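Some notes on the structure that comes next.
Values quoted throughout were computed directly from the atomic coordinates according to the rules given, and no laboratory measurement underlies them. What you see is a predicted model; the values in this text were computed from it and never measured. In this analysis, Cβ positions are derived from the backbone assuming ideal geometry, glycine residues included, and neighbour counts consider all displayed protein chains.
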Amino acid sequence: MRKILFFSFLILVLPAGAFAAAPPADQPHWSLEVKGGWFYPDIDTWEANYGRDRTWHYAGSLAYKLFRQMEVGIEGGFIKDQGQGNGAISGMVTGRVTYEVFPLQAFVLFRGVFSEDQWLVPYAGGGWTRMYYREKIEAQSTIRGSADGYHGRAGLQLLLDNMDPRAAGNLYTDYGIFHTYLFFEAQYIRAMVSDLDGVSVNLGGTSYLAGLLFEF
């Protein structure tokens with residue numbers, strides 16, 4: 001009788017113990033980012049023509065996690081500035097000029113996350129970039145085009161869940177969001193195009209961005 005009770009106890013306890021030791025079945029499979037910050041162009045004459053050495057860069061991305069530490073995704077961005085002087089692409093002397101760039105990027109990203117409650121998570125990655133550009137010159141024609149290139153990025157993300165556990169729980173219950181992070185990122189883009197004089201110009205540059213990351 002004691003042996004029967006002993007083995008019955010093992011049958012009941014062992015599966016429960018195994019289940020408790022197993023990693024959680026529910027983990028995020030997607031990452032959504034919204035971010036913005038300063039873009040520092042590689043064009044040497046930028047400050048002379050636009051009045052400062054930087055402009056705004058806004059972007060958003062969506063990525064799928066191949067596994068917890070690695071994901072692939074796409075990102076779209078918007079960069080714009082207005083100034084007086086020479087066009088960045090045309091090189092022509094102008095009056096007022098509006099310069100717009102739309103980076104479209106495909107990337108692979110590695111995140112150094114090893115537990116779901118890890119406060120600080122470093123990450124790095126890079127990939128392919130296509131830069132669509134448009135330069136509107138006052139009283140002249142509009143120049144459009146695109147150039148292919150590459151980019152690299154690295155940053156650090158801060159977990160916000162523990163700052164307000166109740167709000168974090170509501171986000172998961174209502175929207176399926178596992179984690180919310182504040183992050184800071186540096187990104188470099190290189191995409192070469194020739195101006196009207198045949199001189200190569202890098203449409204890219206260096207961006208310093210901050211934003212929110214949602215994992216679901």
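Distances between placed amide hydrogens fall under 5 Å for HIS179 paired with GLU215, all partners being 5 or more residues away or on another chain.
Modelled spin labels at LYS80 and SER141, positioned 7 Å past Cα toward Cβ, are 2.4 nm from each other. 3J(HN,Hα) couplings calculated from phi for the stretch 39-51 with the Karplus curve 6.51 cos²θ - 1.76 cosθ + 1.60 (θ = phi - 60°) are, in sequence order, 10, 10, x, 7, 6, 4, 8, 4, 4, 5, 8, 10, x Hz; Gly and Pro show x.
Counting other Cβ atoms within 10 Å as a rough exposure proxy, the listed residues TYR181, TYR64, TYR188 run TYR64, TYR188, TYR181 from fewest neighbours to most.
Available extension along the chain between THR45 and ALA154 is 36.5 nm, counting 0.36 nm per residue and deducting the alpha carbon span. In this rough spin-label picture, where each label sits 7 Å from Cα along the Cβ direction, the TRP56-THR206 distance is 2.3 nm. Here is the list for the stretch 94-156: chymotrypsin sites (Phe, Trp or Tyr not before Pro) lying in DSSP coil, each with at most 14 other C-beta atoms within 10 angstrom of its C-beta, are PHE114, TRP119.
The calculated FRET efficiency for ASN162 paired with VAL34, based on their beta-carbon distance and R0 = 30 Å, is about 0.90.
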